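**Q** Questions regarding the structure given below will be posed in turn.
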Amino acid sequence: MKLPFTPAEFFQAFAEYNRAMWPAVVALWLTTVVLLLRWVRISHSAERSGWINILLAVHWIWSGLVYHGMFFARVNPAARLFAILFFTEGCLFLWFGFSKNPLRFRTAVSDVWTVLGASLALYAMAYPAVALLGFPQYPRVPVFAVPCPTTILTAGLLLMSVPRTPIFLIVIPIFWCVVGTSAAVLFAIRADWALAVAGFALLGARMAPKKVGIIGP
């Protein structure tokens, strides 16, 4: 498969993004850590976690408009389509965040899906360190607030959601799991191999007979 950009151009997009946006990237990482820790501490009930939708909306809209729209689109025309998809996913989470019946999340470990979901969410927060250990040529490396860690974090939290998560919420994350995994293989980005796990987990949870997590019509 012939790509419309070279490996050098691919990594240069990350370099330009990181140089220009590093204060926002650091701020979003810190904010996400603080909010997730607060959620774990106070969320004895899934009813308290509706605002997680807003956090995910920010991640998807930022990755779509800023990374795809402003940086990756310089080397890949398809990034404009990716920007629309990411913005759409963000709007869906935003809608749930402000709806009367928001998508709810749980911290209690009750099945294999919540265990896997928590593991993916923790991995997403450790993603910057994993990425730099596996590909230390900063700033030419994905760190945070870009599509792949956003998708991993989202998959983890969706696996911890309370029934019933609409199927349309997992279509774009699964799509990016496929795209991101192929890029991880082509460009040897080891941190992104977790996307394959995330994608299979979302599909597996959806197809499993027991109605937990994202399972359900």
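**Q** Quick check on this structure: which one of LEU120, LEU94 is out of contact with any Phe, Trp or Tyr (no Cβ under 7 Å at 6 or more places or on another chain), closer than 25 Å to TRP193 by Cα and in a helix (DSSP H, G or I)?
**A** LEU120
**Q** Test PHE86 against the stated conditions and say whether it is at pLDDT 95 or above, touching a Ser or Thr at 6+ places or on another chain (Cβ under 9 Å), buried (at least 19 other Cβ atoms within 10 Å of the Cβ) and part of a helix (DSSP H, G or I).
**A** yes
**Q** Could you please give the count of residues in the stretch 159-199 that are farther than 17 Å from TRP60 by Cα, modelled with pLDDT of 95 or more and touching an Asp or Glu at 6+ places or on another chain (Cβ under 8 Å)?
**A** 1
**Q** A follow-up question, please. So which pairs qualify, if the first residue must be in the stretch 36-60 and hydroxyl-bearing (Ser, Thr, Tyr), the second must be outside any helix (DSSP H, G or I) and modelled with pLDDT under 90, the Cβ gap must be under 6 Å, and the two must be at least 6 apart or on different chains?
**A** Every condition considered, the pairs that remain are SER43/THR107; SER49/SER43; SER49/ARG104; SER49/PHE105.
**Q** On to the next question. What are the residue pairs meeting all of these: first residue in the stretch 65-79, first residue in contact (Cβ under 8 Å) with a residue 24 or more places away in the chain and among the β-branched types (Val, Ile, Thr), second residue buried (at least 18 other Cβ atoms within 10 Å of the Cβ) and assigned to a helix (DSSP H, G or I), Cβ atoms under 8 Å, and 6 or more apart or on different chains?
**A** VAL66/TYR17; VAL66/MET21; VAL75/PHE10; VAL75/ALA13
**Q** Follow-up. Search the stretch 99-122 for residues being surrounded by fewer than 16 Cβ atoms within 10 Å (Cβ to Cβ) and hydroxyl-bearing (Ser, Thr, Tyr), and hand back the single one that is nearest to SER49 (Cα to Cα).
**A** Among those residues, the one meeting the criterion is SER99.
**Q** A follow-up question, please. Being of a type in the set (A, V, I, L, M), in contact with a Leu (Cβ under 9 Å, 6 or more places away or on another chain) and part of a helix (DSSP H, G or I) narrows it down to one of LEU36, LEU28, so name that one.
**A** LEU36
**Q** Scanning for something modelled with pLDDT under 90, part of a loop (DSSP other than H, G, I, E, B), within 24 Å of ASN18 (Cα to Cα) and of a type in the set (A, V, I, L, M, F, W, C), does the stretch 130-142 turn up at least one residue?
**A** Yes, the stretch 130-142 contains a residue that is modelled with pLDDT under 90, part of a loop (DSSP other than H, G, I, E, B), within 24 Å of ASN18 (Cα to Cα) and of a type in the set (A, V, I, L, M, F, W, C).
**Q** Does any residue in the stretch 2-19 that is closer than 19 Å to SER182 by Cβ come within less than 6 Å, Cβ to Cβ, of a residue that is of a type in the set (S, T, N, Q) six or more places away or on a different chain, and which pairs are these?
**A** PRO4/ASN76; PHE5/ASN76
**Q** Within the stretch 185-198, can you find the residues that are surrounded by fewer than 22 Cβ atoms within 10 Å (Cβ to Cβ) and more than 17 Å from PHE135 (Cβ to Cβ)?
**A** ALA196, VAL197
**Q** Are any residues in the stretch 161-190 under 18 Å from GLY90 (Cα atoms) and part of a loop (DSSP other than H, G, I, E, B), and if so, which ones?
**A** Correct list: THR165, PRO166, ILE167.
**Q** Then there is this: Within the stretch 168-189, is even one residue over 17 Å from PHE10 (Cβ atoms) and touching a Pro at 6+ places or on another chain (Cβ under 9 Å)?
**A** Looking for residues that are over 17 Å from PHE10 (Cβ atoms) and touching a Pro at 6+ places or on another chain (Cβ under 9 Å), one finds none in the stretch 168-189, hence no.
**Q** ILE167 fails exactly one of the following numbered conditions: (1) in contact with a His (Cβ under 6 Å, 6 or more places away or on another chain); (2) surrounded by fewer than 24 Cβ atoms within 10 Å (Cβ to Cβ). What is the number of that condition?
**A** Evaluating ILE167 over (1) in contact with a His (Cβ under 6 Å, 6 or more places away or on another chain); (2) surrounded by fewer than 24 Cβ atoms within 10 Å (Cβ to Cβ) leaves (1) as the failure.
The values are calculated or read from the model by the stated rules, or taken from the named source; none is laboratory data. Keep in mind it's a predicted model, so treat the numbers as computed, not measured. Cβ coordinates were reconstructed from backbone atoms using ideal geometry, including for glycine residues, and neighbour counts include every protein chain displayed.
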